[in-house]
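Report on one structure; see the data block that follows.
Coordinate-derived values only; no laboratory data. Keep in mind the model is a prediction, meaning the values are calculated, not measured. Quick reminder, even Gly has a Cβ in these numbers, built from the backbone with ideal geometry, and neighbours come from all protein chains shown.
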Amino acid sequence: MSTVNRKILIALDETKAGQHVLDWVHSHHLLNVEDEIYLATAVDEDVSSVEGPGWQSAPMSGSANISEDYGIDIRILERRGQQNLMKGIEKFRDLGYKNTKAALLKGDPEKAIIKYAKDHSIDLVICGRNHKGLFKRVIAGSVSEYLVHHLDCSLLIVK
């Protein structure tokens, strides 16, 4: 009997919710070892320029060269994102999911996820629900809520 290899995108962030998604997906036996699994995180340059890495308050800088500081911030975000992805890749490969790849996305997380899913013919997107405060939810919206309304493939939201 042949199995159909599914393409599954697991969207992660740097919070505990991202780690919870990985643990939950594995513990609920949702994946097959034959699946193509893409672990993805997005580096949102617009948010980092206002809020700082990971939605933290941006430190005030006395630097005369703001664009240089901005470039350093983006590189820090990219390095953190890559490290987070590599931890997930290592964990999933150790669990037997050998066909796991990393995808460092750029831009608005929700739009980047939708574009990646479409470009790679993803069958299922799995993401967590980050419990943002009311202010951040009103200003930035909810990635999972946006995906519900705009994603063409199936979506699983892990609480």
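Among ARG129, ARG79, sorting on how many other beta-carbon atoms sit within 10 Å of each Cβ, with the fewest leading, yields ARG79, ARG129.
Just order 92-100, 9-17 by mean Cβ neighbour count inside 10 Å, highest at the front, would you?
9-17, 92-100
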